[in-house]
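One structure is given below, encoded as structure tokens.
The values are calculated or read from the model by the stated rules, or taken from the named source; none is laboratory data. Values in this document were obtained by computation on a predicted structure and should not be read as measured data. Don't worry about glycine lacking a Cβ; one is built from the backbone with ideal geometry, like all the others, and counts go over all protein chains shown. The protein model used for the area step is the full one, side chains on, heavy atoms only, and it has no ligands, DNA or RNA in it. Shrake-Rupley method; radii C 1.70, N 1.55, O 1.52, S 1.80 Å.
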Amino acid sequence: VEYTVQVDPAHPVTEGMQDFTVKSELYYMHVDPVIHVLAYTNTEQVKMPVAWTKQYGEGRVFYCALGHSIDLAERPEMNKMMSQGMAWAAK
């Protein structure tokens, strides 16, 4: 399905990013209430996170549910989010 990914540009992972549209699978997930949502989409019933961070002890976790096709992996928005996300988690 096609949907808009709404981005919170205030976090280092999504800094410099704007909302963008994707055509991909949309997952409905149960998520941990302590996550920091970086990007989400609005479905008919709920605001569904598609990218988030979480502290895990001394570690950092970055998760992105997007990218199930090669065309998404080649998009500048995805490359930016993934590279900034990995850099953030590695600190």
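You will find that of Val37, Val22, the residue that is touching a helix residue (DSSP H, G or I) at 6+ places or on another chain (Cβ under 8 Å) and surrounded by 15 or more Cβ atoms within 10 Å (Cβ to Cβ) is Val22 and no other.
Within segment 40-79, restricting attention to residues that are of a type in the set (D, E, K, R) and either closer than 20 Å to Glu25 by Cα or at pLDDT below 90 (or both), the residue that is most open to solvent (accessible area, probe 1.4 Å) is Glu44. Within segment 35-91, the set of residues being aromatic (Phe, Trp, Tyr) and within 20 Å of Gly16 (Cα to Cα) comprises Tyr40, Trp52, Phe62, Tyr63, Trp88.
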